[in-house]
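Here, each number is a calculation from the coordinates, and none is a lab measurement. These figures come from a predicted structure and were not determined experimentally. Don't worry about glycine lacking a Cβ; one is built from the backbone with ideal geometry, like all the others, and counts go over all protein chains shown.
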Amino acid sequence: MDKTREAAYQILAKSIGQGAYSNIALQALSRPDLTRQDRAFATELVYGTLARKRSLEHVIGQYASVPIRKMSPWVHILLLMGTFQILHMDRVPDSAACNTTVELAKIHCPKSSGFVNAVLRAIVRNRENLAWPDPKDGWAAAMGVRYSYQDWMAQAWLDEFGAETAEKLMEAGNGHPPLTIRANRLKNTRDELLAILTEAGVSCSPGTVSEDAIVLESPDSFTKLAAFTEGRFSVQDESAMLVASIVDPQPGERILDTCSAPGGKTTHMAERMDNRGSITGWDLHGNKLSLVRESAARLGIRIIRTWEQDATMELPEEWDEYDRVLVDAPCSGTGIIRRKPDIKWNRSPADVAALVEIQRQILYNAGRYVKPGGVLVYSTCSMESAENEDVCDWFLSQNGPDRPCYSVEAEVPYRRLFPTCPETDGFFIARFRRLS
């Protein structure tokens, strides 16, 4: 039995069959019998299969005598795995993709192993002549099939960005994100950390968007590096690193992070403050605040205190108390689909509408916690205007005699990043100044 593909199969069974989050299920790969190469292969197979699930099903449906909806979940998942390897993993020979999948079928669904073999062999024979929907018959549905997205999401991006950009975003969502780390300013500069990592045999290079960023070429075992256990760096995408730089917290100030866990932006602000001042980290989920505290301890940060708090609930006793407030709002996460492909399938328009109401409420409340003259920053890892510009415009429209007044503080009112260029997650950041 191929233990690497078996591990990938078990993770996909939990993710597709049981609704488990793939990034959590992938923790099962931390086994001593799997090499770094094994884990990298299994991760690519899992994420790739999930990301391209709809397009893979479209191909399978052309050559399977049984409709997808009538297949057993075991056969369904195995065919997805095998088809992904055939169409998208060039280094895997077609024979290996077919044979290893059939061997897994003999274990998990032996009566269907012949069927699995027949479908995969047919796909191999016809891979150059696969039929795809014509965009002229409906752009969103056609692109949704080709790039593996729900129709509503494809249509939303078409409406907002136009066909060319929307297609690029969909393609980028199926890509492989780089692993970037953030140098901990309390313990080393970025150049010092680059030298430490290079001496340890790690292939790495400076990031291009954040002055604290380093890109790792071999990301699998970063937690085993002495530099990690010593608290010299944290893992964070470059777009997320920009948030702390836009908040621009100063040593000695009092800061509030309304949605703190797991703590990447909270700890980054503390590092930029040179461990002087205070940061209050709220989160709705008290159990997740332990992640903030653990990160702070590893990084040598002493100025963060955590507080279980629902940011949609107003706290008048906190009004006018903070020099700067960050709202890294809960969102649909469409900017990080390549990291969490499950987002493609577990989001709906109703989810977005519900999130917008939450985002508005948190931002509205947060505006009261800033001191006059202070700074308020709003960010999401989503790409839709409904969760970003529209929420910010609504917030500004709430200025009035009975609440603080704000203005946008930037030459370009809002900062957007896309996973197409530069190589970052999709992100949105807005900075406001309290006027009164």
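Between the beta carbons of L130 and E314, assuming R0 = 35 Å, the FRET efficiency works out to 0.05 to the nearest 0.05. Sorted from longest to shortest, the spans of the Cα atoms of the chain along the three principal axes equal 71, 53, 34 Å. Which of rounded, prolate, oblate describes region 114-247, given a ≥ b ≥ c as roots of the alpha-carbon gyration tensor eigenvalues and a/c under 1.5 marking rounded, otherwise prolate only if a/b is larger than b/c? It comes out oblate by the Cα gyration axes. Computed over region 179-235, the P(r) curve from all C-alpha pair distances, binned at 10 Å from the origin, holds 26, 66, 8 percent per bin. Other residues within the sphere of radius under 10 Å centred on the Cβ of P413, judged by their own Cβ, net out at -2 (K and R +1, D and E -1). In this simple spin-label approximation, S30 and Q62 carry label points 7 Å from Cα along the Cα→Cβ vector, and these lie 4.1 nm apart.
Taking every DSSP bridge with both residues inside the chain, close to 55 percent are antiparallel.
Using alpha carbon centroids, what distance separates region 122-137 and region 195-237, in Å? The two parts, judged by their Cα centres, are 42 Å apart. Ranked from largest, the principal axis spans of the Cα set of region 63-119 equal 31, 21, 16 Å. Using the Karplus relation 6.51 cos²θ - 1.76 cosθ + 1.60 with θ = phi - 60°, the per-residue 3J(HN,Hα) values for region 161-167 come to 10, x, 4, 5, 5, 4, 5 Hz, with x marking Gly and Pro.
Only helices enter the 222 nm calculation for the chain: every DSSP H run of n ≥ 4 contributes -39,500 (n - 2.57), and dividing by all residues gives -13500 deg cm²/dmol, rounded to 500. Here K288 is the anchor, and the lysines within straight C-alpha reach of less than 17 Å, apart from those fewer than 8 places off in the same chain, are K265. The shape of region 269-362 comes out oblate: with a ≥ b ≥ c from the C-alpha gyration tensor, a/c is at least 1.5 while a/b does not beat b/c.
Just checking the listed ones, D283, D137, D328: in the Gaussian network model of the chain with Cα springs under 10 Å, the one fluctuating most is D137.
For region 238-434, the extents of the C-alpha atoms along the principal axes are 45, 41, 32 Å, listed from largest to smallest. Would you mind pulling out the separation of the Cα centroids of region 61-88 and region 372-436, in Å? Distance between centres, Cα-based: 44 Å. Taken about its Cα centre, region 179-235 carries a charge dipole of about 180 debye when Lys and Arg each add +1 at the Cβ and Asp and Glu each add -1 at the Cβ.
With a sphere of radius 13 Å drawn around the Cβ of L193, what net charge do the other residues whose Cβ falls strictly inside it have (Lys, Arg +1; Asp, Glu -1)?
-2
In order along region 180-196, the Karplus-derived 3J(HN,Hα) couplings, from 6.51 cos²θ - 1.76 cosθ + 1.60 at θ = phi - 60°, round to 10, 10, 10, 5, 7, 4, 6, 10, 6, 7, 4, 5, 5, 5, 4, 5, 4 Hz, and Gly and Pro are given as x.
Evaluating 6.51 cos²θ - 1.76 cosθ + 1.60 at θ = phi - 60° for every residue in region 54-71, the Karplus couplings come out as 5, 5, 5, 5, 4, 5, 4, x, 6, 10, 9, 7, 10, x, 3, 5, 9, 6 Hz, glycine and proline recorded as x. Projected over every direction and averaged, the convex hull enclosing the alpha-carbon atoms of region 3-129 yields 7.2 nm².
Can you give the relative contact order of the chain as a percent, counting alpha carbon pairs under 8 Å and 6+ residues apart? Over the chain, the number comes to 12 percent.
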